[in-house]
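The values are calculated or read from the model by the stated rules, or taken from the named source; none is laboratory data. In this text, all values refer to a predicted model and were calculated from it rather than measured experimentally. Positions of Cβ are generated from backbone atoms using ideal geometry, with glycine treated the same way; all protein chains shown enter the neighbour counts.
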Amino acid sequence: MRIESLLTRSAYATMTAIMLLGLGPVAQAQDPPSFMAPIAGRTASSPTETATKNVLALNSMMFELYDDAARVFQANILSKHPVILGLFTGAGGRFILYRPGMAPLEAPSVPIVYQLLKSVGHSTMALTEVVGPYLDNAENQSWRSSMAAYRARMKAALDGLDATAMPPDWRGNNRTILENNIAFMDDCLAKGTITLAALQEFAKKQGPYLKHNIHWAAQTQVGHWMSVIGEWKTMLGADWDKTYAASNTIYVARQNNILFSVLAQYFGPEAINERLMLIETISFTSTPDDMLTSLTRIIADRSVGALYFGNYYLMDYELMGGDARAAIIAETEKRGMKAFLPPAVPFGSKQWPTLITPGPGPTSLADIQ
């Protein structure tokens, strides 16, 4: 009896403590403190919802694990292979060489004349942005302040043009572009209106001069980077054959991508899509870290493809693409449609990662009359 009494008193004391601490039935029945009111409330999750969340969490966890592993993979790659990154910039590009056990080597920039040519050329195109929304709309004068401010910038550029580092014939062409810009703006400001006819006449006049600037800028950029990559290939010697390279591109710059095309001249066709890659992005610029991360993922995923499916380049492509292709064909047949798909290409294709099918129509400014 004594033992039972002691047990009973002990159980009672324990229950009392639990309730006082807010852990028992009494606390659950009580309203929460006022300071908890804004965030308090019971939540519910069905077994199906809980199970679905638990399964989907596996995919989220995969990316966390990949980020951790990628840091190791990247270090391993850079310890064994030279890597060249070709990054788009408004200054004509940026090339960085990573060599095992050495600090990254940044290439010298494209000569400043490249930027001068682009800046003057873009000044004409920018005028279209100023006047475009107000064509043949004399009642709307809201464009005047923007145009007057831009004219002041244009005049300052024209006044200092002779002091810039530019060959005389190039300088003369750029002077004409700037003078034509100013004359067009003065005419619009004087008349208080911008007509489509006047804009078309202005564009026709400027076109030939703009083509010269584009031609000279391309010559300057390509000549510079050909020299840089050629020197790096000589410097790396036998290590060139195990060097990876990647260039970034946004959609509009994918076709005839200059930095990638320069790299391709030294890497050759067999390296395309194997050691030389064109990485598409959603913006013109990417950081070196972003590029290295993308390159690391491509290389690492290849090992996964070889391990699970027996093909080293499978993961370079949409993994479900082949089955989805078959599904599209089946679905279009069910709907009485004819499937519209590109030719199937083998994994590890060496073709250019841009449009390569010939056809009618101009392919360069030189083809446009």
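Descriptive notes on the structure:
- Set side by side, the residues Trp143, Trp170 differ, and just one is over 20 Å from Gln200 (Cα atoms) and buried (at least 17 other Cβ atoms within 10 Å of the Cβ), which is Trp170.
- Matching residues, the stretch 54-109, being β-branched (Val, Ile, Thr) and outside the structural domain of Arg275 (by TED's automatic domain parsing): Val55
- Qualifying residue in the stretch 177-188 (condition: farther than 30 Å from Glu106 by Cβ, small (Gly, Ala, Ser) and in a helix (DSSP H, G or I)): yes
- Verdict on Ser123 being of a type outside the set (A, V, I, L, M), exposed (fewer than 14 other Cβ atoms within 10 Å of the Cβ) and either farther than 30 Å from Ala271 by Cα or at pLDDT 95 or above (or both): no
- Restricting attention to the stretch 62-95, the residues being among the hydroxyl-bearing types (Ser, Thr, Tyr), within 26 Å of Pro108 (Cα to Cα) and assigned to a helix (DSSP H, G or I) number 1.
- Residue match in the stretch 279-293 (condition: in a strand (DSSP E or B) and of a type in the set (Asp, Glu)): yes
- Scanning the stretch 131-144 turns up at least one residue that is of a type in the set (Val, Ile, Thr), modelled with pLDDT under 95 and under 34 Å from the mean Cα position of the chain (by Cα).
- Contacts under 7 angstrom Cβ, first residue in the stretch 186-203 being assigned by TED's automatic domain parsing to the domain that holds Tyr134, partner loosely packed, with under 12 Cβ neighbours inside 10 Å and in a helix (DSSP H, G or I), 6 or more apart: Leu189/Ala148
- Members of the stretch 55-113 found to be of a type in the set (Lys, Arg) and surrounded by 14 or more Cβ atoms within 10 Å (Cβ to Cβ), listed by number: Arg94, Arg99
- Residue within the stretch 131-152 that is among the β-branched types (Val, Ile, Thr) and out of contact with any Leu (no Cβ under 7 Å at 6 or more places or on another chain) present: no
- If the condition is being under 24 Å from Gln221 (Cβ atoms) and charged (D, E, K, R), then the stretch 114-161 contributes only Lys118.
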